[in-house]
Amino acid sequence: MKIKKFNVHEHGLNQFFGPLEAKVMEILWASERTTIRDVQTILNQEEPLSFNTVMTVMNRLIEKGLLQKTSQGSGRGKITFYEPLQTKEQFLSDQTKEVTQGLIREFGELVVGHMIDALDEVDPKLISKLQDKLNQKNHES
């Protein structure tokens, strides 16, 4: 899934999703496979939401390519399960890569300069990892 917009002033998953979508995705990533009713039950612990509201959000997440649904049984015994198409880690990796590449494509030198400046606030292990990656790139050239 390619993100349509990145909310720079938000935090966590809200940078990629609306608040309710982010909560639904967190629930699905934690359970891997669940029903609308189960998601609604969890969400209702925080704030009451109708079944239709939760169903609409989950169906939009299907349209965005984030969830899939499968059904078991038939008639009154039919149960529809929803599950994420990627793990949370895969999703975040894909999205942060997309954002980073987009920023570098559009603003190249500025972005790289800001990333270097931001290294003052980064865990030294990440700086070491970056150095290793840069060394690897230099040996490939």
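The values are calculated or read from the model by the stated rules, or taken from the named source; none is laboratory data. All figures in this text were calculated on a predicted structure; none of them were measured in a lab. Reconstructed Cβ throughout: ideal geometry from the backbone, glycine too, with neighbour counts over all protein chains shown. What goes into the accessible areas is simple: the full protein's heavy atoms, side chains included, and nothing from ligands, DNA or RNA. Shrake-Rupley method; radii C 1.70, N 1.55, O 1.52, S 1.80 Å.
Quick notes
- The per residue volume of the convex hull around the alpha-carbon atoms of region 26-88 is 91 Å³.
- In this simple spin-label approximation, L130 and T41 carry label points 7 Å from Cα along the Cα→Cβ vector, and these lie 4.6 nm apart.
- With θ taken as phi - 60° and the Karplus curve 6.51 cos²θ - 1.76 cosθ + 1.60 applied, the whole-hertz 3J(HN,Hα) list for region 95-107 is 6, 5, 5, 4, 5, 4, 4, x, 5, 5, 4, 7, 10 Hz, x standing for glycine and proline.
- For region 10-24, 3J(HN,Hα) per residue [Karplus equation, 6.51 cos²θ - 1.76 cosθ + 1.60, θ = phi - 60°, Hz, x = Gly/Pro]: 9, 10, x, 5, 5, 6, 10, 10, x, x, 6, 4, 4, 5, 4
- Cross-link reach is defined here as a Cα-Cα straight distance under 20 Å, omitting same-chain residues fewer than 8 places apart; for K97 the lysines meeting it are K2, K4, K5, K64, K88, K125, K129, K133, K137.
- Residue with peak Gaussian network fluctuation, the chain [Cα springs, cutoff 10 Å], from E89, E32, E46: E46
- Neighbour count of at most 13 Cβ within 10 Å plus DSSP loop: longest trypsin sites (Lys or Arg not before Pro)-free window in the chain: 79-141
- Carbon plus sulfur fraction of accessible area for region 56-129, probe 1.4 Å, in percent: 54 percent
- Given their separation in residues at 0.36 nm each and the Cα-Cα distance between them, M115 and F6 gain 37.5 nm when the chain is fully extended.
- Equivalent ellipsoid, the chain (semi-axes from 5 times Cα gyration tensor eigenvalues, Å): 38, 16, 14
- All Cα-Cα separations within region 75-141 were binned at 10 Å from zero, giving a P(r) of 15, 30, 30, 10, 7, 7, 1, each value a whole percent of the pairs.
- Centroid-to-centroid separation of region 123-141 and region 1-34 [C-alpha atoms, Å]: 30 Å
- Solvent-accessible area per residue, Å², over region 1-95 with all protein chains present [probe radius 1.4 Å]: 64 Å²
- Two-site label geometry, L85 and S31: point separation in nm, points 7 Å out along Cα→Cβ: 2.1 nm
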